[in-house]
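Take a look at the structure below.
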Amino acid sequence: MLTDPIVALATPPGRSALAVIRLSGRGACEVAARVIPSFRTEPVREARLAGFRDDEGRLIDRGLYLVFRGPGSETGEDVVEFHCHGGLIVPARLLAAIEAAGARPARPGEFTRRAVLNGKLDLLQAEGLGDLIDAEAPAQARAAISQFEGGLSRRIATLRAGMVDLLALLAYEVDFPDEDDGPVPRERLQAKRAEVAQDVARLLDSAPLAERVRAGALVVLAGAPNAGKSSLFNALLGRDRALVTELPGTTRDAIEAHADILGWPVRLVDTAGLGEAQDRIDALGQAMSRRYLEAADLVLVCQGGAAARRLGGSARPPDLPASRVLLVRTKADLGDGPGEGLPVSAVTGEGLGQLRQAVAERLFQDGAALADLEPALTRERHRVALAGASRGLSEAAPHLVPG
């Protein structure tokens, strides 16, 4: 059912001072009244202290509750929020009591789904809300809040209005060719089509960078064994995530972690050293490394120490555009003198700031315009739909040529 009362914990489970439980749906107030003997629906949006009791009348906790009447609530339905003490036992008992009183557990995303169905949010805003909750870097949060606030929805609405105007002109041309001022000039139709097509193309151009911001850019550390990749990986993360020893080949598998590079989201990957495989496990690790290299947005080619300053033929990554490769001279603290690549030391911290700056500029050099944050296409679904519109507008062009 789409209107039956549903309930869910709105805060993460675990030890905390407070927990929030949300109840929504037709009959939500009646369900709440079975748990709160002193329950009142008025005045709305006002926190009131009350005791929460189970179906046998035993006190579970004392806390606050608030009533939001539909359609003026987040979901568009009657909503009751219970604010109880945190931890594992109290919220679980209160949830069980609310379910025993007539509510069912909400499915994942069901509160947001009801908000969309009841016109409180559109689908783009709902996706923005999900992105905001999942954001791990400031740039992701800025992009998500822009979409949640309706920025992309308004931009799509403007595009739709332009297409409707074009369709209206075409419909008039078909249905009333000889009335009023006569046929609509083909030049006018073509100009309007070109204007709409340009707006669509401009929005499509935002997709690669916006999708990268949403998902996080894939940055892969590659190089020969013992080139300092794992040490640099840990230094960029700011914590020890990968094992580091003086023995070559310590990393046998790919290790991935999310990192914040000057406010931009990055998926950082430490890979097995490239070179002549020592055994079957090493060969499997290097094969995985090469798969990551092929998918990477940016490859940090680590060259540590004078002996490993240049990668050998078997250790060289697959052919990649220069825009996707950044040479890094690791172990700069060893004092090997000048060499190729940006000098960095995971031990002293030398060059880490410059490396972060270089990575951010290489991956998000157009990010300044995005981050303020012009509404952009953040999902493949958006891009595919708009690409179809772009193709349709292009296919229409030959039929609007003045004759």
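The values are calculated or read from the model by the stated rules, or taken from the named source; none is laboratory data. None of these values were measured; they are calculated from a predicted model. Virtual Cβ from ideal backbone geometry, glycine too; neighbours counted across all protein chains shown. Ligands, DNA and RNA are stripped out before the accessible areas are found, and what is left, the full protein with its side chains, is counted by its heavy atoms. Shrake-Rupley method; radii C 1.70, N 1.55, O 1.52, S 1.80 Å.
Suppose a student asked you for the relative contact order of the stretch 1-154, using Cα pairs under 8 Å spaced at least 6 residues apart; what percent would you report?
Relative CO of the stretch 1-154 lands at 23 percent.
With +1 on the Cβ of every Lys and Arg and -1 on the Cβ of every Asp and Glu, and nothing else charged, how large is the dipole of the stretch 1-111 about its Cα centre, in debye rounded to the nearest 20? Write out the running numbers ahead of the final one.
Details: 14 positive and 14 negative charges, 51 e Å.
For the stretch 1-111, the charge dipole is close to 240 debye.
Cα to Cα, under 24 Å, and not fewer than 8 places away if on the same chain: which lysines meet these conditions relative to residue 331?
Reachable lysines: 229.
With every protein chain left in place, what is the accessible area per residue of the stretch 149-228 in square angstrom, probe 1.4 Å?
52 Å²
For 205, 297, give me the order by solvent-accessible area with a 1.4 Å probe, most accessible first, ignoring ligands, DNA and RNA. Can you show the working numbers first?
Details: 205 120, 297 45 Å².
Per-residue accessible area, sorted high to low, gives 205, 297.
Output the direction-averaged projected area (hull surface divided by four) of the convex hull of the alpha-carbon atoms of the stretch 111-241, in nm².
13.7 nm²
Which FRET efficiency, nearest 0.05, do residue 257 and residue 47 yield, Cβ-Cβ r, R0 45 Å?
Details: r = 40 Å, r/R0 = 0.90.
The value I calculate is 0.65.
How much solvent-accessible surface does residue 11 expose, in Å² to the nearest 10, with a 1.4 Å probe and all protein chains in place?
Around 40 Å² of this residue is reachable by solvent.
Give me the extension gain from residue 66 to residue 133: residue separation times 0.36 nm, minus the current Cα-Cα distance, reported in nm with one decimal.
Stretched fully, the residue 66-residue 133 segment lengthens by 21.8 nm.
Over the stretch 1-42, consider all pairs of different Cα atoms and compute the Kirkwood hydrodynamic radius from their mean reciprocal separation; express it in Å, one decimal. Let's see the in-between values first.
On the way: mean 1/r = 0.0850 Å⁻¹.
About 11.8 Å, per the Kirkwood formula over Cα pairs.
Give me the percent of accessible area attributable to carbon and sulfur for the stretch 106-204, probe 1.4 angstrom.
C and S atoms contribute 56 percent here.
Excluding ligands and nucleic acids, what accessible area in Å² is computed for residue 333 using a 1.4 Å probe, to the nearest 10?
For residue 333, the solvent-accessible surface is approximately 70 Å².
For the stretch 4-157, rounded, prolate or oblate, judged on the Cα gyration tensor with a ≥ b ≥ c (square roots of eigenvalues), a/c < 1.5 rounded, else prolate if a/b > b/c?
prolate
Which three numbers, in whole Å and largest first, are the semi-axes of the equivalent ellipsoid of the stretch 30-119 derived from its Cα gyration tensor as √(5λ)? List each step's numbers first, then the result.
Working: eigenvalues 99, 51, 26 Å².
They are 22, 16, 11 Å, listed from largest to smallest.
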